[in-house]
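Nothing in this text is a laboratory measurement; each read-out follows from the coordinates by a stated rule. Note that this is a predicted model, so its numbers are computed, not measured.
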């Protein structure tokens, strides 16, 4: 899936008390997925989780 790796993806982080909601949005299609995690988790880990969920959604929708 090399073409998928070159997609532009936007991330949005919203803190909700002791949790963080991370949205990953594919710039080309507008597809959005969200994940929730503890506020103590690293930003990179939450983005990686959201990105893998976004890739799975894009593959499923093809």
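Table for the structure above
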read-out	value
Cα long-axis angle, helix 43-61 against the chain (0 to 90 degrees, to the nearest 10)	40 degrees
Radius of gyration and Dmax over the Cα atoms of the chain, both given in Å	11.8, 37
